[in-house]
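In what follows, a single structure is set out as structure tokens and then discussed.
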Amino acid sequence: MTDPVSRTILLLDIERFSDRDDVEQAYLRRMLYDVADRVLERAGIDETQRTRADRGDSVMELIDANAPVTALLRTLLTEVPAELRAVNRMASRSAQMRLRGVVATGYVAVDRHDGWVGSDLNHACRLLDAGLLRTALRGRADDFALCVSDALYAGVVRHDHPGIPAADFHPVTVTGKNGPMRAWLHGPVPAAAAEGRGDGGDRGDDDRDTESHGERGAGEAPGGSGDRPAPATAATPPARAGDPRAGGPPAPADETRTGDGAAAGDGRHASGPAPGGSRGAPAPGPVLRIDGGTVRFGGGYTAGDQHGVSGGQVTGDVVMGGKTQGGERP
């Protein structure tokens, strides 16, 4: 194993990667590496100053300690959301990409199998996989959530460098395998964490297993690119007369409604809209339902041909099949 060297650690992970099929996963990996390359180039970090590890749904970059961290942070905060907008506007919903990101500093060594070893690297990977960061991304309109380690905040962010407003970073506590870890989240803190209910807990996966394993979040629409809100439910129907919401007089005591135009199952009467006509024809008009008892009409009642009334008493003119029946009929 090599001697540990100081490095800036950058991690980027695709949300809901395992929800996608093979074709979409290949496309997303291509887009992830394109975004990472462009962001690092704009931060002035060329390929000679970084080493990349491929983690499937995520990318890990070890960046030379001499590369300016301030330039990296400024570029991440501005360029990653812009890159994601450009990528996602041309992609189908199922192929859109949302990212979680972590920036940390620490010492990393390389073992005989070219693997990266170091507790600081493990710490950064646990931050990336934390439930709090996953939850934070669900509420972000720009498809990107960034967290920095406590050491990076103390050494760089808190000094309020241009383009890196310290006030935009908020302290959070992430539950890890070895106890709570302090970090700093860019942007609003999820309500559960702000109220002290934790970050969703440690899933117990391997330290560097940052895949979501297809766990769909609450409110996500099927086939979506992540935990975006599901379509809104239908609006509440307007209040009826007698409903306290209407603000008008109460309904008569002998009228009980059990639905839209439906009568209660106790012999009371109600009317409602007619069902639609067959084969797309217009509805035939109002419908009168009588379940026993007495119904009175003042004046006339006309509803087209072949209408009749039975089991009740009708006063006035009733038109049935084009013939008018006058007077009172038992």
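The values are calculated or read from the model by the stated rules, or taken from the named source; none is laboratory data. Treat the numbers as computed from the prediction; the structure is a model and nothing was measured. Cβ atoms come from the backbone with ideal geometry, glycine included; neighbour counts cover every protein chain shown. Calculation scope for accessible area: heavy atoms of the full protein, side chains included, ligands and nucleic acids excluded. Shrake-Rupley method; radii C 1.70, N 1.55, O 1.52, S 1.80 Å.
Restricting attention to the range 133-143, the residues being open to solvent by less than 10 Å² (accessible area, probe 1.4 Å) and touching a Pro at 6+ places or on another chain (Cβ under 7 Å) number 1. Among residues that are among the charged types (D, E, K, R) and within 21 Å of residue 147 (Cβ to Cβ), residue 7 is included.
Does residue 85 satisfy being open to solvent by 10 Å² or more (accessible area, probe 1.4 Å), assigned to a strand (DSSP E or B) and charged (D, E, K, R)?
Numbers: open to solvent by 10 Å² or more (accessible area, probe 1.4 Å): yes; assigned to a strand (DSSP E or B): no; charged (D, E, K, R): yes.
No; evaluated as a whole, the condition is false for this residue.
Close contacts from the range 155-168, counting a first residue that is at negative phi and a second that is small (Gly, Ala, Ser) and exposed (fewer than 14 other Cβ atoms within 10 Å of the Cβ), with Cβ to Cβ under 6 Å and a gap of 6+ residues or different chains, come to 157/166; 158/166. For the range 1-40, filtering for residues that are more than 20 Å from residue 101 (Cβ to Cβ) and not in a helix (DSSP H, G or I) leaves 7.
Could you tell me whether residue 171 is in contact with a Phe, Trp or Tyr (Cβ under 8 Å, 6 or more places away or on another chain) and free of Cβ contacts under 8 Å to residues at least 40 places away in the same chain? When the stated conditions are applied, residue 171 passes them.
Test residue 62 against the stated conditions and say whether it is modelled with pLDDT of 90 or more and in a helix (DSSP H, G or I). Judged against the criteria, residue 62 is not a match. Any residue at all in the range 111-125 that is modelled with pLDDT of 90 or more, surrounded by fewer than 21 Cβ atoms within 10 Å (Cβ to Cβ) and at negative phi? Among the residues of the range 111-125, at least one is modelled with pLDDT of 90 or more, surrounded by fewer than 21 Cβ atoms within 10 Å (Cβ to Cβ) and at negative phi, which makes the answer yes. Of the helices (runs of 4 or more DSSP H) that lie entirely inside the range 88-194, those containing 2 or more residues that are of a type in the set (A, V, I, L, M, F, W, C) and in contact with a Lys or Arg (Cβ under 7 Å, 6 or more places away or on another chain) span 119-128, 131-138.
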